[in-house]
Amino acid sequence: MELDVAALFDLANMKMPYGKFKGYALVDLPEPYVIWINNNNLPKGNLGSLLQQLLVVKVNGLEHLIHPLKGRDISEAKIKPRPAPKPEPTEGL
(Lines give C-alpha, C1' and ligand atoms only; values in the text may rest on other atoms or scores of the structure.)
Protein backbone atom coordinates (compact mmCIF):
# COMPACT_ATOMS: atom_id res chain seq x y z
CA MET A 1 0.00 0.00 0.00
CA GLU A 2 1.44 3.33 -1.04
CA LEU A 3 0.33 6.51 0.68
CA ASP A 4 0.15 9.50 -1.63
CA VAL A 5 0.03 13.20 -0.80
CA ALA A 6 -3.67 13.54 -1.65
CA ALA A 7 -4.46 10.73 0.81
CA LEU A 8 -2.60 12.57 3.57
CA PHE A 9 -4.72 15.67 3.01
CA ASP A 10 -7.88 13.51 2.86
CA LEU A 11 -6.99 11.86 6.19
CA ALA A 12 -6.61 15.30 7.73
CA ASN A 13 -9.70 16.93 6.26
CA MET A 14 -12.26 14.35 5.18
CA LYS A 15 -15.08 13.79 7.66
CA MET A 16 -16.44 10.39 8.65
CA PRO A 17 -19.75 10.28 6.76
CA TYR A 18 -21.71 7.96 9.08
CA GLY A 19 -21.81 6.08 12.36
CA LYS A 20 -20.94 6.94 15.93
CA PHE A 21 -18.16 9.29 14.84
CA LYS A 22 -20.01 11.00 11.97
CA GLY A 23 -18.49 14.43 11.32
CA TYR A 24 -15.08 13.67 12.86
CA ALA A 25 -12.01 14.21 10.69
CA LEU A 26 -10.66 10.77 9.80
CA VAL A 27 -7.37 11.44 11.60
CA ASP A 28 -9.34 12.24 14.78
CA LEU A 29 -11.12 8.87 14.88
CA PRO A 30 -10.14 6.85 17.96
CA GLU A 31 -7.64 4.09 17.25
CA PRO A 32 -9.86 1.30 18.68
CA TYR A 33 -12.64 2.35 16.28
CA VAL A 34 -10.23 2.39 13.32
CA ILE A 35 -9.06 -1.11 14.26
CA TRP A 36 -12.65 -2.31 14.65
CA ILE A 37 -13.87 -0.90 11.34
CA ASN A 38 -10.85 -2.38 9.52
CA ASN A 39 -11.63 -5.80 11.02
CA ASN A 40 -15.42 -5.79 10.72
CA ASN A 41 -17.11 -3.30 8.49
CA LEU A 42 -14.62 -1.73 6.09
CA PRO A 43 -16.46 0.22 3.38
CA LYS A 44 -15.50 -0.14 -0.26
CA GLY A 45 -13.98 2.56 -2.40
CA ASN A 46 -11.97 5.60 -1.39
CA LEU A 47 -13.23 5.73 2.20
CA GLY A 48 -12.24 2.10 2.78
CA SER A 49 -8.80 2.72 1.31
CA LEU A 50 -8.33 5.80 3.51
CA LEU A 51 -9.39 3.88 6.62
CA GLN A 52 -6.85 1.16 5.81
CA GLN A 53 -4.14 3.79 5.47
CA LEU A 54 -5.33 5.49 8.65
CA LEU A 55 -4.90 2.19 10.50
CA VAL A 56 -1.22 2.14 9.51
CA VAL A 57 -0.83 5.75 10.64
CA LYS A 58 -2.59 5.12 13.98
CA VAL A 59 -0.85 1.88 15.00
CA ASN A 60 2.53 3.45 14.25
CA GLY A 61 1.74 6.64 16.19
CA LEU A 62 2.14 8.92 13.17
CA GLU A 63 -0.94 11.12 13.63
CA HIS A 64 1.32 14.05 14.49
CA LEU A 65 2.43 14.08 10.85
CA ILE A 66 -1.17 14.43 9.62
CA HIS A 67 -2.51 17.04 12.08
CA PRO A 68 -0.59 20.01 10.52
CA LEU A 69 -2.52 19.37 7.27
CA LYS A 70 -5.92 19.99 8.88
CA GLY A 71 -7.72 22.93 7.30
CA ARG A 72 -5.23 23.11 4.45
CA ASP A 73 -5.71 22.36 0.79
CA ILE A 74 -3.49 20.13 -1.30
CA SER A 75 -2.82 23.09 -3.61
CA GLU A 76 -0.78 24.57 -0.74
CA ALA A 77 1.59 21.60 -0.78
CA LYS A 78 5.06 22.37 -2.02
CA ILE A 79 5.91 18.91 -3.20
CA LYS A 80 7.99 18.08 -6.20
CA PRO A 81 6.88 15.03 -8.15
CA ARG A 82 9.09 12.00 -7.74
CA PRO A 83 11.33 11.61 -10.81
CA ALA A 84 10.67 8.63 -13.01
CA PRO A 85 13.12 5.78 -12.41
CA LYS A 86 15.93 5.52 -14.92
CA PRO A 87 15.93 2.33 -16.94
CA GLU A 88 18.62 -0.12 -15.93
CA PRO A 89 21.31 -0.70 -18.53
CA THR A 90 21.10 -4.01 -20.29
CA GLU A 91 24.27 -6.01 -20.86
CA GLY A 92 25.27 -7.75 -24.04
CA LEU A 93 22.70 -6.51 -26.52
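The values are calculated or read from the model by the stated rules, or taken from the named source; none is laboratory data. Note that the structure is predicted; figures quoted are calculated from it, not measured. Cβ sites come from the backbone with ideal geometry, for glycine too, and all protein chains shown count toward neighbours. Just the protein is used for accessible areas: all its heavy atoms, side chains included, with ligands, DNA and RNA removed. Shrake-Rupley method; radii C 1.70, N 1.55, O 1.52, S 1.80 Å.
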Among (1) -0.48, -0.88, -1.09; (2) -0.40, -0.69, -0.93; (3) -0.44, -0.73, -1.04, the entry matching log10 I(q)/I(0) by the Debye sum over Cα atoms at q = 0.12, 0.17, 0.21 Å⁻¹ as calculated here is (3)
So for the chain, taking the charge dipole from beta-carbon charges (+1 Lys/Arg, -1 Asp/Glu), which of PRO30, ASN60, ASN46 sits furthest toward the positive end? PRO30
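How much net charge surrounds TYR24 when only the other residues with a Cβ under 14 Å from the Cβ of TYR24 are counted, with Lys and Arg +1 and Asp and Glu -1? Walk me through the numbers on the way to the answer.
On the way: positive: LYS15, LYS20, LYS22, LYS58, LYS70; negative: ASP10, ASP28, GLU31, GLU63.
Every neighbour counted, the sum reads +1.
Using the heavy atoms of the protein chains alone and a 1.4 angstrom probe, what is the accessible area of the chain per residue in square angstrom? Display every interim value, and only then the final one.
Values: 6770 Å² over 93 residues.
Each residue of the chain exposes 73 Å² on average to a 1.4 Å probe.
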With a 1.4 Å probe and all protein chains left in place, how much of the accessible area of the chain comes from carbon and sulfur atoms, in whole percent? 56
Using 0.36 nm per residue, how much length does the chain from LYS15 to GLN52 gain when fully extended, once their Cα-Cα distance is taken away? 11.8 nm
With θ taken as phi - 60° and the coefficients 6.51, -1.76 and 1.60, list the Karplus ³J(HN,Hα) couplings across the stretch 18-23 in order, rounded to whole Hz; mark glycine and proline as x. 7, x, 4, 10, 4, x
Residues of type lysines that LYS20 reaches as a straight line, Cα spacing below 22 Å, ignoring anything fewer than 8 places off in the same chain: LYS44, LYS58, LYS70
Report the calculated FRET efficiency for ILE35 and LYS78 (r = Cβ-Cβ distance, R0 = 35 Å), to the nearest 0.05. 0.55
So which aspartates and glutamates can LYS15 reach, going by Cα to Cα under 13 Å and dropping same-chain residues fewer than 8 places off? ASP28
Tabulate in residue order the Karplus-calculated ³J(HN,Hα) for the stretch 27-41, using 6.51 cos²θ - 1.76 cosθ + 1.60 with θ = phi - 60°, rounded to whole Hz; enter x for Gly and Pro. 5, 8, 5, x, 3, x, 5, 5, 5, 4, 5, 5, 8, 10, 9
